[in-house]
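Notes to accompany the following structure.
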Amino acid sequence: ITTMFATLGRRTALHAARRTAQHQAKRRMGGGAAAAPEWTGIDKVVRGYFPKDEDMVVAISGGYLGLFLLFKIKSALSGSPEEEAPAVAAAAPASASAGEIPDVDSEEFGAFLESEENVAKLVESFEK
């Protein structure tokens with residue numbers, strides 16, 4: 001009789017353990033079981049239009065994008081007028097008339113090449 005009660009007790013305990021494991025609360029990492037928060041003030045008004053978090057993200061991103069585009073359009077329409085480039089003197093600069101050859105990257109070099117004498121000086125300098 002004792003073994004019968006022991007076997008019955010083990011079977012009942014095993015059955016109860018299985019049942020508990022099956023009905024145990026599962027852990028939800030996303031917080032899906034949490035109740036929705038109670039919004040107050042401006043949050044309540046905004047959440048009336050954008051109830052989900054994803055909607056809020058899209059609305060905020062769209063707002064920033066809209067501000068950026070408005071700024072770009074405004075600056076394109078009311079941009080400062082371009083200033084005219086100062087007139088380049090047609091005469092050769094003083095450094096070229098002194099017999100010096102200006103640097104190739106300088107603005108003076110184009111005016112320097114307009115004279116045949118200066119071109120001859122440049123060719124002579126290459127031959128040295």
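Taking the residues in region 89-128 that are modelled with pLDDT under 80 and in contact with an Asp or Glu (Cβ under 7 Å, 6 or more places away or on another chain) as candidates, determine which candidate is surrounded by the most Cβ atoms within 10 Å (Cβ to Cβ). Looking at the filtered set, the residue picked out is Ala96. Arg47 fulfils the conditions (1) basic (Lys, Arg); (2) modelled with pLDDT of 80 or more; (3) open to solvent by 70 Å² or more (accessible area, probe 1.4 Å) except for a single criterion, (3). Yes or no: region 56-69 includes at least one residue that is of a type in the set (A, V, I, L, M), under 30 Å from Glu124 (Cα atoms) and modelled with pLDDT under 95. For region 56-69, residues of a type in the set (A, V, I, L, M), under 30 Å from Glu124 (Cα atoms) and modelled with pLDDT under 95: absent.
The values are calculated or read from the model by the stated rules, or taken from the named source; none is laboratory data. If you're wondering where the values come from, they're calculated on a predicted model, not measured in any experiment. Methodologically, a virtual Cβ is constructed for each residue, glycine included, from the backbone with ideal geometry; neighbour enumeration extends over all protein chains shown. Please note that ligands, DNA and RNA were not included when accessible areas were found on the heavy atoms of the full protein model with its side chains. Shrake-Rupley method; radii C 1.70, N 1.55, O 1.52, S 1.80 Å.
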